[in-house]
1. Inside the stretch 89-126, can you point out the residues that are assigned to a strand (DSSP E or B) and closer than 19 Å to Lys72 by Cα?
2. Considering only the stretch 161-186, how many residues are out of contact with any Cys (no Cβ under 9 Å at 6 or more places or on another chain) and outside any loop (DSSP other than H, G, I, E, B)?
3. How many residues does the stretch 20-48 contain that are part of a helix (DSSP H, G or I) and more than 17 Å from the chain's Cα centre (by Cα)?
4. Inside the stretch 187-225, can you point out the residues that are within 16 Å of the ligand (Cβ to nearest atom), outside any loop (DSSP other than H, G, I, E, B) and touching a Leu at 6+ places or on another chain (Cβ under 7 Å)?
5. Can you find even one residue in the stretch 167-185 that is among the basic types (Lys, Arg) and either farther than 24 Å from Lys21 by Cα or in contact with a Gly (Cβ under 8 Å, 6 or more places away or on another chain) (or both)?
6. Name the residues in the stretch 51-88 that are assigned to a loop (DSSP other than H, G, I, E, B) and more than 12 Å from the ligand (Cβ to nearest atom), would you?
7. Name the pairs: first residue in the stretch 154-174 and under 17 Å from Val103 (Cα atoms), second residue assigned to a helix (DSSP H, G or I) and within 16 Å of the ligand (Cβ to nearest atom), Cβ to Cβ under 9 Å, at least 6 apart or on different chains?
8. Enumerate the pairs (first residue in the stretch 9-21 and in contact (Cβ under 8 Å) with a residue 24 or more places away in the chain; second residue anywhere and of a type outside the set (Lys, Arg) and exposed (fewer than 13 other Cβ atoms within 10 Å of the Cβ)) with beta-carbon separation below 9 Å, excluding pairs fewer than 6 apart on the same chain, so at least 6 apart or on different chains.
Amino acid sequence: MAETAPSSDQLQERLAEVRRKIDGSAQRAGRDKAEIKLVAVSKTHPVDIIRRAIEAGISDLGENRVQEADAKIQKIGHERARWHLIGHLQTNKARRAVMLFDVIHSLDSVSLAHRLDRLCGETERATLPVLIQVDLGGEETKSGANETELPELIKIVKECRHLELIGLMTLPPFFEDAELVRPYFRRLRRLRDELSARNAFNVATGELSMGMSHDYEVAIEEGATIVRVGTAIFGKRKAIAEN
Ligand SMILES: *Cc1c(COP(=O)(O)O)cnc(C)c1O
């Protein structure tokens, strides 16, 4: 059985705890906490709970499936929340994704870049902020562009009129011990720095979307500017809905 839905008080407490840890990690790393954005990953959680999270101060929501997000976004809208697509985007869902999401974190191929750009044109969307998902672990089950594919992909994205490349995202292999994830975060940061030096990004230094419930503190120490936190805010998801 899944645990019962969190009350507003519980959400507020968990959120305060997450923010405290974000601030602590930023401080340890000598960083300004204002440069770290919290995306609350609401996948599998129903609209009423997401509304409560917004009441508690959440402004950015992460979803990994277009279809699931569609119903939620229709009900909640964009006025009080920005919606981030953090999961793999299937070709046949791309049009809907362009119409629904404020930011896409999972751009991983040249063909998807071309498609998103074309769909922006067709749907009269002027700009779509995207992050390139980088596969650092070489795991077959995970999507993302390889490091070797990055230069070509970035070149293509920069040629796309409507796409705004704002940073890199990664979903590293899972290790119980978050310290073991640190090298992956460090690697993504190095990549970001190298690319940034070559003006690859449309925003100043380029965002680093990395860190989840069990490792966001380490990610922040390594430079994360966006952390994607689900379980630590909303509680455990039902097993069936796990990605
Ligand atoms: C589900 C998910 C998260 C959040 O995971 P938690 O462990 O619940 O914090 C972050 N990023 C991606 C890409 C996800 O699919």
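1. Step one: filter the stretch 89-126 for residues assigned to a strand (DSSP E or B), giving 103-107.
Those that are assigned to a strand (DSSP E or B) and closer than 19 Å to Lys72 by Cα: Val103, Ile104, His105.
2. Step one: filter the stretch 161-186 for residues out of contact with any Cys (no Cβ under 9 Å at 6 or more places or on another chain), giving 164-186.
Imposing the further condition that a residue be outside any loop (DSSP other than H, G, I, E, B) reduces the set to 164-169, 178-186.
Final tally of qualifying residues: 15.
3. Step one: of the stretch 20-48, the residues part of a helix (DSSP H, G or I) are 20-28, 33-35, 47-48.
Filter once more, keeping what is more than 17 Å from the chain's Cα centre (by Cα): 20-21, 23-28, 33-34, 47-48.
Summing the residues that are part of a helix (DSSP H, G or I) and more than 17 Å from the chain's Cα centre (by Cα) in the stretch 20-48 gives 12.
4. Residues satisfying the conditions are Leu188, Glu207, Leu208, Ser209.
5. Residues of the stretch 167-185 that are among the basic types (Lys, Arg), as a first pass: 182.
Those left that are additionally either farther than 24 Å from Lys21 by Cα or in contact with a Gly (Cβ under 8 Å, 6 or more places away or on another chain) (or both): none.
Within the stretch 167-185 (the criterion being among the basic types (Lys, Arg) and either farther than 24 Å from Lys21 by Cα or in contact with a Gly (Cβ under 8 Å, 6 or more places away or on another chain) (or both)), the answer is no, since none of the residues qualifies.
6. Taking the stretch 51-88 as the starting set, the residues that turn out to be assigned to a loop (DSSP other than H, G, I, E, B) are 56-59, 64-65, 77-81, 86-88.
Within the stretch 51-88, Ala56, Gly57, Ile58, Ser59, Gly77, His78, Glu79, Arg80, Ala81 meet the criteria.
7. Pairs found: Leu168/Leu188; Met169/Leu188; Thr170/Tyr184; Thr170/Phe185; Thr170/Leu188.
8. Leu11/Glu55; Gln12/Glu55
Values in this text are rule-based calculations from the coordinates and carry no lab data. What you see is a predicted model, and the numbers here were worked out from it, not measured in a lab. Methodologically, a virtual Cβ is constructed for each residue, glycine included, from the backbone with ideal geometry; neighbour enumeration extends over all protein chains shown.
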